[in-house]
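*Asks:* This structure is in structure tokens; I'll ask about it shortly.
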Amino acid sequence: MPSTPTFSSHRTDIAGVAVPELARRFGTPSYIYDAGKIAERINDLTQFEVVRFAQKACSNIAILDLIRRQGVLVDAVSAGEIRRAMAAGYSPHPEKHGDPHPIVYTADIFDRESLALVVEQKIHCNCGSPDMIDQLGEAAPGSEITLRINPGFGHGHSQKTNTGGEQSKHGIWHEQLADVLGRADHGGLSVTGLHLHIGSGTDLEHLSQVCGAMERLAREVGRSLTTISAGGGLPVPYRAEQGYVDIDVYYKLWDESRKRLEEAFGHPLTLELEPGRYLVAESGCLVAEIRAIKQMGANTFYVVDAGFNNLARPILYGAYHPMSICAADGSSAAQRPANDVVIGGPLCESGDIFTQEEGGFVSTRRLPAANIGDFLVIEVAGAYGAVMSSNYNSKPFAAEVLIADGKAELIRARQTFEDLIRGERIPNSSA
Ligand SMILES: *Cc1c(COP(=O)(O)O)cnc(C)c1O
């Protein structure tokens, strides 16, 4: 784990491949992932015996395959994500009883499709509502389950990523634990796992509070537990001054809780970590082309061919992404004068701005002067990027490309017009 990230405003390549070459081969906008960065981040976490990727952060099956081959297990929050994991080679359940579950389904509800699928494939479930326990007990008595508990407090880098406390819909309310243990018992389910995920952007001071809650709750569940999960929420730096979280301290706090519980239970407990953002954020860049440069009073706008249909984090959370300019011919923009500019996308919606703060306030970014045809690279976009794409304004999903060992390969073709209207039909009766 490096101590601080470095971001340049004039990048010319991604993982050793020139930006204009990527644009020529795959078009713009495109998501480009660096496999090496994912491997680095996985490597940071070797202390945890089970690392489970929260695939909702980036669920392309090529990324899942890459992560699977490095020994990381996977979390799924829908039937679609269970199917993706299986398509990427994960087995639905462990070969040997007692081994960690390759796939865990974590949610607050079972829709009918996911309930049928978890029963059919014997997928381990992490239940985030009392109703899930009743429904699984009815459909698959004898199963082992994990309980996701809302400990009554939360933390997040924005209101929308806070997943604990009274205003969160996630998990089972901590005061209901005795009640849900009764329900599990009634349904013939055995509670083998306990899970807390209270938000993204967890800091270390907060963490000891979370560990304390885990210990209290685990003692209440008792000796049936074999696994505790620390959830996700490991932050990544989006700005140079942010730095990385100290993984050793993070691990140590959890490991101490785990050891105290092992002592109390008299048997070993598996400690799982469930990162999403941490594994993939830095690996991904969104490459766009600058198609218009306009002056609006005092503001200079660079308007690019990617919008919030491709990357929604700025409009959703006011998220900050590092950005850089690469000249159309691939030369460095380092020597150009810098300007404060607004970066906008192509959508017919005034909120389609990549440089905005929470609340929608437009801000500017200091970037090298640019020309039409130059490239804008939006960085640290691998997590909650492509997966949050929409077809708003009938824009196709961007291409996705994976670079490994200096070789770039398409891992998702750009959508076509046929893809866009698949399933739509004009009723016969309108003739
Ligand atoms: C989203 C999510 C994660 C991952 O969160 P990050 O902030 O991306 O690490 C982990 N566990 C669960 C249950 C989640 O919903």
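*Asks:* Can you list the lysines whose alpha carbon is less than 25 Å from that of LYS407, not counting same-chain residues fewer than 8 positions off?
*Replies:* Counting by Cα, and skipping residues close in sequence, LYS407 has these lysines nearby: LYS37.
*Asks:* If you find the alpha carbon centre of the stretch 1-72 and of the stretch 345-395, how far apart are they in angstrom?
*Replies:* One Cα centre to the other: 20 Å.
*Asks:* Which lysines, if any, have their Cα less than 21 Å from the Cα of LYS294, not counting same-chain residues under 8 positions apart?
*Replies:* Within the straight-line limit of under 21 Å, LYS294 reaches no lysines at all.
*Asks:* Related question: Using only the alpha carbons of the stretch 1-142, determine the length spanned along each of the three principal axes and report them from longest to shortest in whole angstroms.
*Replies:* Answer, in whole Å and largest first: 58, 35, 26 Å.
*Asks:* In debye, nearest 20: dipole of the stretch 236-278 around its Cα centre with unit charges on the Cβ of K, R (+) and D, E (-)?
*Replies:* Working: 6 positive and 9 negative charges, 20 e Å.
In debye, rounded to 20, the stretch 236-278 gives about 100.
*Asks:* Going Cα to Cα from LYS56, which lysines come in below 17 Å? Please leave out same-chain ones fewer than 8 positions away.
*Replies:* Answer for LYS56, where 17 Å is the Cα cut-off: LYS160, listed by chain and number.
*Asks:* Roughly speaking, what is the stretch gain from GLU21 to ARG422, that is 0.36 nm per residue apart minus the C-alpha to C-alpha distance, in nm to one decimal?
*Replies:* Working: separation 401, 0.36 × 401 = 144.36 nm, distance 3.11 nm.
Fully extending the segment from GLU21 to ARG422 adds 141.2 nm.
*Asks:* Then there's this: Could you tell me whether the stretch 275-374 comes out rounded, prolate or oblate from its Cα gyration tensor? Rule is a ≥ b ≥ c as square roots of the eigenvalues, rounded for a/c under 1.5, then prolate if a/b exceeds b/c, otherwise oblate. Walk me through the intermediate numbers first.
*Replies:* On the way: a/c = 1.70, a/b = 1.18, b/c = 1.44.
Oblate.
*Asks:* Between the stretch 90-109 and the stretch 115-143, what's the alpha-carbon centroid distance in Å?
*Replies:* Cα centres, the stretch 90-109 to the stretch 115-143: 12 Å.
*Asks:* Ok, one more. Quick check: from the Cα gyration tensor, does the stretch 1-74 come out rounded (a/c under 1.5), prolate or oblate? Don't jump to the answer; show the numbers that get you there.
*Replies:* Values: a/c = 2.79, a/b = 1.53, b/c = 1.83.
Oblate.
*Asks:* By its C-alpha gyration tensor, with a ≥ b ≥ c as the square roots of the eigenvalues, how is the stretch 336-379 shaped: rounded for a/c under 1.5, else prolate for a/b larger than b/c, else oblate? All intermediate terms of the calculation are to be shown ahead of the outcome.
*Replies:* Numbers: a/c = 2.38, a/b = 1.49, b/c = 1.60.
Note, shape of the stretch 336-379 comes out oblate.
*Asks:* Next question. Provide the FRET efficiency to the nearest 0.05 for the ASP340-ASP65 pair, computing r from the beta carbons and using R0 = 35 Å.
*Replies:* Efficiency for this residue pair is about 0.25.
*Asks:* May I pose another question? Place a point 7 Å from the Cα of HIS97 along the Cα-to-Cβ direction; which residues of the stretch 217-233 have their backbone N under 19 Å from it?
*Replies:* Answer for the stretch 217-233: 223-227.
The numbers here are math on the coordinates, done by the rules we state, and not lab data. Not measured: the values here are computed from a predicted model. No Cβ is skipped: glycine too gets one built from the backbone with ideal geometry, and neighbour counts run over all protein chains shown.
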